[in-house]
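Visitor: The structure is given below, and queries will be raised subsequently.
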Amino acid sequence: MREAGASTNRPEPLLTTLSSQAELKARLATAEAGAQPGEALAERFDVLGVRVNSISFKVAIECIQSWLKNRTRTRIVTFTNVHAVMEARREESFRQVLNQADMVCPDGMPLVWLDHLGGGSAERVCGPDFMAEFFRQTEGNGYKHFFYGGAPAVVERLAATMQSRFPGARIAGFYPPPYRALTVEEDEAVVQRINSAAPDLLWVGLGCPKQEHWMSAHREAIHSAVMLGVGQAFDIHGNALAHAPRWMRDHGLEWIFRLCSEPRRLWKRYLVTNTGFVLALVPGLFSRIIRRR
């Protein structure tokens, strides 16, 4: 397995499961005992060149809290689905961004199924559900939250909604950037605004791959302990977008709900991108079946 960011001409492996849930928990315990925070998540499985953590909600939340307890540097968490994997396959710089993140959660049942095929036990850990669950479990811990991204009215409703649902949470602020590239001066002002609020968690909702590139570019400038790119979580919790029913999300059918909700915007992603994902997997899956037999 090559290190993140290294270049190679060899084809990317389809799927390599490197850790079980028990191993992740054991590594987390080691980190708590004095190892570098994040070592619990060093092992990942590979999907078309993107290294994804075989992880559960519980382990993800525990690890983030360990980072908040043992602060050494700003951490980046991404929630990666089929669309992100295919974007990373087309754009090497984006693949490097994902592989250099501290935690890459499998946000999509196809990635979870691939992990299970290789013997892993990953859960689907998607941005909107994770945001709500993290707030629920840590409401009384005193963490400060900042929201960056979304339309002005949406991010304002998001902050109000999360504060109403979780009264014990501390909302440090929010900022909706304009729909254009920021000038150097504007970017510096945004960084200063976020750092002045001193959040423990910076939730970023710019959409994929913009939010991942933004977090990577601002890792050194932002003093927040953890940055999380949660995409449509802003629209869902900001009451601008309906969320698919739980049974659809759990069975890999959320794409049908979203396609019906936004057909003009999403038809290409689901009918073209997802088809390309399946076709890219076929050679590797066929080889695995032959080897097993």
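The values are calculated or read from the model by the stated rules, or taken from the named source; none is laboratory data. As the structure is a prediction and not an experimental result, all values here were calculated from the model. Backbone-built Cβ (ideal geometry, glycine too); neighbour counts: all protein chains shown.
Visitor: Do you know which residues across segment 166-179 are more than 17 Å from D235 (Cα to Cα) and buried (at least 18 other Cβ atoms within 10 Å of the Cβ)?
Guide: Of everything in segment 166-179, those that are more than 17 Å from D235 (Cα to Cα) and buried (at least 18 other Cβ atoms within 10 Å of the Cβ) turn out to be F166, A169, A172.
Visitor: What number of residues in segment 103-114 are surrounded by fewer than 24 Cβ atoms within 10 Å (Cβ to Cβ) and out of contact with any helix residue (DSSP H, G or I) (no Cβ under 7 Å at 6 or more places or on another chain)? Reasoning before the result, please.
Guide: So in segment 103-114, the residues surrounded by fewer than 24 Cβ atoms within 10 Å (Cβ to Cβ) come out as 109-110, 112-113.
Checking the rest, the ones that are also out of contact with any helix residue (DSSP H, G or I) (no Cβ under 7 Å at 6 or more places or on another chain) come to 109, 112-113.
Qualifying residue count for the region: 3.
Visitor: Taking interchain pairs and intrachain pairs at least six residues apart, which have beta carbon atoms under 6 angstrom, with the first residue in segment 137-151 and in contact (Cβ under 8 Å) with a residue 40 or more places away in the chain and within 15 Å of I61 (Cα to Cα) and the second surrounded by fewer than 16 Cβ atoms within 10 Å (Cβ to Cβ) and not hydrophobic (A, V, I, L, M, F, W, C)?
Guide: Sorted first by the residue in segment 137-151, then by its partner, the list stays empty.
Visitor: Taking helices (runs of 4 or more DSSP H) that fall entirely within segment 39-111, which contain at least 1 residues that are more than 24 Å from F277 (Cβ to Cβ) and either among the acidic types (D, E) or touching a Lys or Arg at 6+ places or on another chain (Cβ under 6 Å) (or both)? Steps first, please.
Guide: Working: elements: 57-69, 82-90, 92-99.
Counting at least 1 such residues, we get 57-69.
Visitor: Something else: If Q137 satisfies every condition in (1) over 20 Å from the mean Cα position of the chain (by Cα); (2) surrounded by fewer than 16 Cβ atoms within 10 Å (Cβ to Cβ) but one, which is the exception?
Guide: Checking Q137 against (1) over 20 Å from the mean Cα position of the chain (by Cα); (2) surrounded by fewer than 16 Cβ atoms within 10 Å (Cβ to Cβ), the one that fails is (1).
Visitor: Looking at D115, D129, which one is in contact with a Phe, Trp or Tyr (Cβ under 7 Å, 6 or more places away or on another chain), part of a helix (DSSP H, G or I) and among the charged types (D, E, K, R)? Reasoning before the result, please.
Guide: Numbers: D129 fails: in contact with a Phe, Trp or Tyr (Cβ under 7 Å, 6 or more places away or on another chain).
One residue alone meets the criteria, D115.
Visitor: Could we say that F147 is crowded, with 16+ Cβ neighbours inside 10 Å and in contact with a Cys (Cβ under 8 Å, 6 or more places away or on another chain) here?
Guide: Working: crowded, with 16+ Cβ neighbours inside 10 Å: yes; in contact with a Cys (Cβ under 8 Å, 6 or more places away or on another chain): no.
No; evaluated as a whole, the condition is false for this residue.
Visitor: Still on this structure, I have one more. Can you report the number of residues in segment 107-159 which are closer than 14 Å to A233 by Cα and among the hydrophobic types (A, V, I, L, M, F, W, C)? Spell out how you get there, then give the answer.
Guide: Here is the first cut: in segment 107-159, the residues closer than 14 Å to A233 by Cα are 107, 125-135, 146-151, 154-159.
Now restrict to residues that are among the hydrophobic types (A, V, I, L, M, F, W, C): 125-126, 130-132, 134-135, 146-147, 151, 154-155, 158-159.
Residues flagged as closer than 14 Å to A233 by Cα and among the hydrophobic types (A, V, I, L, M, F, W, C) within segment 107-159 amount to 14.
Visitor: Would you confirm whether or not segment 65-78 contains a residue that is crowded, with 19+ Cβ neighbours inside 10 Å, modelled with pLDDT of 95 or more and within 14 Å of A122 (Cβ to Cβ)?
Guide: no
Visitor: Taking segment 180-211 as the search range and keeping residues that are under 24 Å from F79 (Cα atoms) and β-branched (V, I, T), which one is surrounded by the fewest Cβ atoms within 10 Å (Cβ to Cβ)?
Guide: V191
Visitor: Taking interchain pairs and intrachain pairs at least six residues apart, which have beta carbon atoms under 6 angstrom, with the first residue in segment 77-98 and over 17 Å from A60 (Cβ atoms) and assigned by TED's automatic domain parsing to the domain that holds V50 and the second of a type in the set (V, I, T) and assigned to a strand (DSSP E or B)?
Guide: Matching pairs, first to second residue: V85/V47; V85/V50; A88/V50.
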